[in-house]
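For reference, the structure is listed below as structure tokens.
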Amino acid sequence: MRNTLAIARRELGGYFATPVAWVFLVIFLALQGVLTFNLGRFFDRGQADLMPFFQFIPWVFLLLVPAITMRLWADERRLGTIEMLLTLPITRTQAVLGKFLAAWAFCAIALLLTFPFVITVNALGRPDNGVIASGYLGCLLVAGAFLSVGAALSAATKNQVIAFVLAVAVCFLFAASAYPMVTDFLSQNLPALGAVARRLSVVSRFESFTRGIIEARDLVYFASFIGFWLFVNTLVVAHRSAA
């Protein structure tokens, strides 16, 4: 565990050593502000809650999380530093977990910086802060799910742009798979696949959290989802380092 945390600290420090982290945070906060208060008609709804914020955040993560993960492994392979990393007295699993935890911590920091939204809601009314806390937990889990996908795909290529595009495409499949247009099409043409798509949808699982419902099956889903993609990430790194 000590080695994993050491890698995580190294990676997290690397984010803030360049302007990339600050640019990401500014874009994230600006997008969420515009989407929540303008497109989400926050002040016109007459309700003291953060539903507009939660409604848009999976789609903001869909675009911004791959921007975080695209350099995790692709940059290491492009610069040739992955060999040096893997020669350290750490296992591949520890390296994969360390990089993932650093990216997840960075997303957690981004979410923490949205605290003015919570303050605004409490100043305007009496919201259910338990529901808000549950929604934020769901946001963190969605970020973790997308990060695990992006990290695995970043390990498969040296090109950051390719890693970004692949991550967006795969994450979009898991985000949009529960929408009526998709499920209706699959139900009519591939009924079995339609049922699977609904069960695998990240957004449909997230919606329970935004209603203040934290169920064990949803927690197991996210844990299994993240664990599977981290396992894939480890296999890809092992294969690439052996090639």
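A compact table of results
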quantity	calculated
Hull shadow area, averaged, the stretch 87-144 [alpha-carbon convex hull, nm²]	4.8 nm²
The stretch 1-160 - Kirkwood radius from inverse mean 1/r over Cα pairs (Å)	16.9 Å
Segments 115-121, 66-72, 207-213 sorted - mean Cβ within 10 Å per residue, highest first	66-72, 207-213, 115-121
Dimensions in Å of the stretch 112-180 - Rg and Dmax from alpha carbons	16.6, 50
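No value in this document is a laboratory result; all are computed from the given coordinates. Because the structure is a prediction, the values reported are computed rather than measured. Positions of Cβ are generated from backbone atoms using ideal geometry, with glycine treated the same way; all protein chains shown enter the neighbour counts.
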